[in-house]
Amino acid sequence: MSLFDDIPGYRAALSAESEQRDAAFIFASVAIPRRWPRKPIIMEPLTLRRMMILDNVKSPFLCGGDREIRGGDIALFLWVCSPEFCVDKRRRDSFIKSCRTIKAKNALVEIWRNVGAAFYDSPARSGSGESVAYWSIGASIVDTLANEYGWGEAAILDAPLARVLQYFKIVNHRRSAGAGERVPLFNPSDRVRAAWLESQNAQAEKEAAKHG
């Protein structure tokens, strides 16, 4: 027996992680159904470029906040992640208007799934206070991957973010290991293991106190 079998749900959590990461290289888009006879709206994965656009317009899907998500927020996210996306205002307004024929509940599920998949391997934030930025996160990721793999700027900006952040994590881990300062890695499944270990320690302390 091993920890994989001893810890309830641990093996399943590891399997889910593997499937999530593999999916970043398999699935390309999602169809959001609209009322018949309208064709579905196609939503493509978040990319670094799309992330920065949505961040710039303060989309609640990326920036959070307490305000209620409105239909306009959903439509704007779908527009930025649409293969039809462009800077033409008339086409944007026409697309957003057409979003009235979708079910908001269905769209919300797929949008949050898109966001969750994109940031699955997002690097952990260091420090508790605010810091001064001298370049954007986009510039940092492009610089890292371009120097490591020789990829062009557009290729990095327009690749699915779920892939880009996996590469970014690998590069940072390899570089830190080479410098003798290995960056600790974290998986969502670690929470399952940590909770189990905590419960085991609590039980051991309880038994020790009983016989002490």
* If you stretched the chain out fully between GLU148 and LYS39, how much longer would it get, using 0.36 nm times the residue separation minus the C-alpha to C-alpha distance? -> 35.1 nm
* Kirkwood-based shape ratio for segment 33-118, expressed as Rg/Rh from alpha carbons -> 0.93
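Which of the peptides 49-55, 135-141 is most tightly packed, and how do the rest follow, going by the mean number of other Cβ atoms within 10 Å of each residue? Don't skip to the answer; put the middle values down first.
Details: 49-55: 18.9, 135-141: 14.1.
Order by mean packing, descending: 49-55, 135-141.
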* FRET efficiency for ARG11 and LEU108, using Cβ-Cβ distance with R0 set to 35 Å, rounded to 0.05 -> 0.70
* Structure fact -> Within segment 38-60, the residues whose backbone N lies under 15 Å from a label point placed 7 Å from the Cα of ARG100 along the Cα-to-Cβ direction are 38
* Tell me the label-point distance for the pair LEU185, ILE170, using the 7 Å Cα-to-Cβ offset, in nm and rounded to one decimal. => 1.1 nm
* To do: State the extension gain, in nm to one decimal, for the chain segment bounded by GLU19 and ALA139, taking 0.36 nm per residue of separation less the distance between their alpha-carbons.
  => 40.3 nm
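A short reminder: the numbers here are calculations on the coordinates, not readings from a lab. Source: prediction; values computed, not measured. A quick note on method: Cβ atoms are made from the backbone with ideal geometry, for glycine too, and the neighbour counts reach across all protein chains shown.
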